[in-house]
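Read-outs: derived from the displayed coordinates by stated rules, not from any lab. None of these values were measured; they are calculated from a predicted model. Positions of Cβ are backbone-derived with ideal geometry, glycine not excepted, and every protein chain shown enters the neighbour counts.
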Amino acid sequence: MNNKEFLESLSAKWGRSQEDTAALASRIVSIMSEELQEGNAVCIQDFGTFEVKKKMERVCVIPSTGQRVLVPPKLVLVFKPAAALKEQMK
């Protein structure tokens with residue numbers, strides 16, 4: 001399902017126009033992005049939790065040359081599904 005199909009489905013279920021639905025979805029994503037940038041986790045009940053975690057620096061080896069390279073630390077977005085979502089997927 002792509003973004004257009006998702007918005008069409010959502011607007012049909014809510015009985016709203018696609019423009020209103022698109023604006024609402026955009027605002028939700030914007031608020032989630034702001035919270036994640038501040039370092040806060042975003043928890044959606046019965047769906048899961050989005051969280052930004054810091055990966056520490058590490059040493060990796062380039063297989064073709066055998067050269068060891070230091071990979072700098074970075075921030076990654078992590079999603080942990082809720083138990084209810086996991087149960088639905090079984």
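Here are some notes:
- Test: residue in the range 55-76 that is out of contact with any helix residue (DSSP H, G or I) (no Cβ under 8 Å at 6 or more places or on another chain) and closer than 30 Å to L10 by Cα: yes
- Of residues in the range 47-71 being in contact with a strand residue (DSSP E or B) (Cβ under 8 Å, 6 or more places away or on another chain) and part of a loop (DSSP other than H, G, I, E, B), the one farthest from M89 (Cα to Cα): Q67
- Residues of the range 33-51 satisfying the condition of being touching an Asp or Glu at 6+ places or on another chain (Cβ under 9 Å), of a type outside the set (F, W, Y) and touching a residue at least 24 places away in the same chain (Cβ under 8 Å): L36
- Residue selection: V29 fails the criterion of being β-branched (V, I, T), without any contact (Cβ under 8 Å) to a residue 24 or more places away in the chain and in contact with a helix residue (DSSP H, G or I) (Cβ under 8 Å, 6 or more places away or on another chain).
- Taking the range 1-42 as the range and being among the acidic types (D, E) and within 20 Å of the chain's Cα centre (by Cα) as the test, the residues that pass are E5, E34, E35, E38.
- Count of residues meeting criterion [surrounded by 11 or more Cβ atoms within 10 Å (Cβ to Cβ), basic (K, R) and in a helix (DSSP H, G or I)] in the range 5-46: 0
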